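Quick notes on the structure that follows.
Derivation of every value follows stated rules applied to the coordinates shown; laboratory data play no part. Predicted model only: the values in this text are computed from it and were never measured. Quick reminder, even Gly has a Cβ in these numbers, built from the backbone with ideal geometry, and neighbours come from all protein chains shown.
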Amino acid sequence: DDEQKRNMVHYECVCEGMSCGNGDRCQGQQCFASLSINDGAKVYQKGCFQVYEQGKMTCKTPPSPDQAVECCQGYLCNMNITAQLPSSKGYSMETLIIVILAPVVVLIVFSAVAVLIIRRIQKNHMERLNSRDAEYGTIEGLIASNVGDSTLADLLDHSCTSGSGSGLPFLVQRTVARQITLVECVGKGRYGEVWRGQWQGENVAVKIFSSRDEKSWFRETELYNTVLLRHENILGFIASDMTSRNSSTQLWLITHYHEMGSLYDYLQLTTLDTVSCLRIVLSIASGLAHLHIEIFGTQGKPAI
């Protein structure tokens, strides 16, 4: 096939340009019309390919931004052919404006939606806090006084002599709970973490429940708020509260702080003599007996 193409007839072609000399015609196996950019100026040429391989290679070359070739076969077939450079697809001003503004508009919309969602979550959280306050019961007639420089001992003594002996009054609980600074985590368990906190220079224990363990927190709060539950051999209850930290709801149970930790921790680190063992057993039995015994009266205590 290639040999036949090399022996093809020669066509007369239009010739224009520097390579044509004085003539305006040339003979070749293929005619062409080309356009090139030289120093910013367009240069048009027409002519013919004498060698088959030259025409085959040149005519199959795709156009570039600065050069294009159109080929044909036939008598003066390139007379009315004009090579065209590929059109440069530039961006219009409208397209550039859309490309720039579209991401900005999307960002503004997403930001507005995020703000609305956050406000909705905060509103629901506040409604939850208010409903939780209502579950404590009606506290009409309770006057919230400024805690000031009172110590926890002063507040608890006042509660035990003038109240039920089951912790601080509810409004004072909320005041104390929101003034506590968490210092260090001293333990973790199934229902949450236990932190050592400080309130006006005094150490307190803060048991933190997650929101998914709300039933456990509420059950312990109800238990500690039982009338006449306070006893020297039962962990002293101070307050309970709901708070929000790092965008998550936390349920706090605030009690007395014991530096030696739990009974298990104390027994792991301390060797006890007979007298100390009997003293511990007596205190445990006294606390359990107080829990289980029912106290009758106007402010009685049910058996727990």
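What to note about this one:
- For His231, no residue whose modelled amide H falls within less than 5 Å of its own remains once neighbours fewer than 5 places apart on the same chain are excluded.
- Reciprocal of mean inverse Cα separation for segment 2-72 (Kirkwood radius, Å): 12.8 Å
- For segment 265-283 versus segment 193-216, the gap between their alpha-carbon centres in whole angstrom: 27 Å
- For segment 233-246, 3J(HN,Hα) per residue [Karplus equation, 6.51 cos²θ - 1.76 cosθ + 1.60, θ = phi - 60°, Hz, x = Gly/Pro]: 9, 10, 3, x, 8, 10, 6, 9, 7, 10, 9, 10, 9, 6
- Computed 3J(HN,Hα) for segment 209-224, one whole-Hz value per residue from the Karplus formula 6.51 cos²θ - 1.76 cosθ + 1.60 where θ = phi - 60°, is 9, 7, 5, 6, 9, 4, 5, 5, 4, 5, 5, 5, 4, 4, 5, 5, glycine and proline marked x.
- Other-chain or far-sequence residues with amide H under 5 Å of Gly236's (modelled H): His256
- Each of Met126, Met18 was scored by other Cβ atoms within 10 Å of its Cβ. Listed from fewest to most, they are Met18, Met126.
- Computed 3J(HN,Hα) for segment 194-207, one whole-Hz value per residue from the Karplus formula 6.51 cos²θ - 1.76 cosθ + 1.60 where θ = phi - 60°, is 10, 10, 8, x, 10, 10, 6, x, 10, 7, 9, 9, 10, 8, glycine and proline marked x.
- Taking max minus min of the alpha-carbon positions on each principal axis, segment 200-264 gives extents of 37, 28, 27 Å, largest first.
- Alpha-carbon centroids, segment 15-49 and segment 97-112: separation in whole Å: 52 Å
- The dipole here belongs to segment 2-72: it is taken about the Cα centre, uses +1 on the Cβ of Lys and Arg and -1 on the Cβ of Asp and Glu, and is about 100 debye.
- The residue among Met57, Ser87, Gln27 whose Cα reaches farthest toward the positive pole of the charge dipole of segment 23-99, with charges on the beta-carbon of Lys, Arg, Asp and Glu, is Gln27.
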